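Before any comments, here is the structure.
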Amino acid sequence: MTLLFAESEQFTRNEELFDRVDLLARRVRKDLGESLTVINNNSLPLARVTTRSLEALQLYSRATDAIVQGDADKAQALLQSALELDPGPLPWPIGDWHASIYPWETVRRNSNT
């Protein structure tokens, strides 16, 4: 195996993770030969396509695992916990397509009523 390049970032707070991953992704794409114009025109910040909450993202990941294992109740509880941590606009795929695949999933971020 040949190492083409190596990149690293350091951070001291969990809140910095997504911004650092974005920086790394940009550098890797540039190192692989993508132009900065293409990178800038075809990139969204990670926090915009997922969540700014690392803990909410971890809960969502665990919920996805529970779905794969067939444990809908556990998945729903984990999704609810994730939504409680990050009640903002829904940037991750728990939306309509998810509900159509998993009809039990009726959790929505703004359904506090």
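The values are calculated or read from the model by the stated rules, or taken from the named source; none is laboratory data. These figures come from a predicted structure and were not determined experimentally. Because the Cβ atoms are built from the backbone with ideal geometry, glycine has one as well, and the counts that use them run over all protein chains shown.
Considering only segment 35-60, how many residues are β-branched (Val, Ile, Thr) and either within 8 Å of the chain's Cα centre (by Cα) or assigned by TED's automatic domain parsing to the domain that holds Gln80 (or both)?
The qualifying residues number 3.
It is to be established whether one or more residues within segment 7-21 are on the phi > 0 side of the Ramachandran plot, surrounded by fewer than 17 Cβ atoms within 10 Å (Cβ to Cβ) and not in a helix (DSSP H, G or I). Full working, then the answer.
Step one: of segment 7-21, the residues on the phi > 0 side of the Ramachandran plot are none.
No, because not a single residue in segment 7-21 is on the phi > 0 side of the Ramachandran plot, surrounded by fewer than 17 Cβ atoms within 10 Å (Cβ to Cβ) and not in a helix (DSSP H, G or I).
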Based on this model, can you work out whether Ala63 counts as out of contact with any Phe, Trp or Tyr (no Cβ under 8 Å at 6 or more places or on another chain) and among the small types (Gly, Ala, Ser)? yes
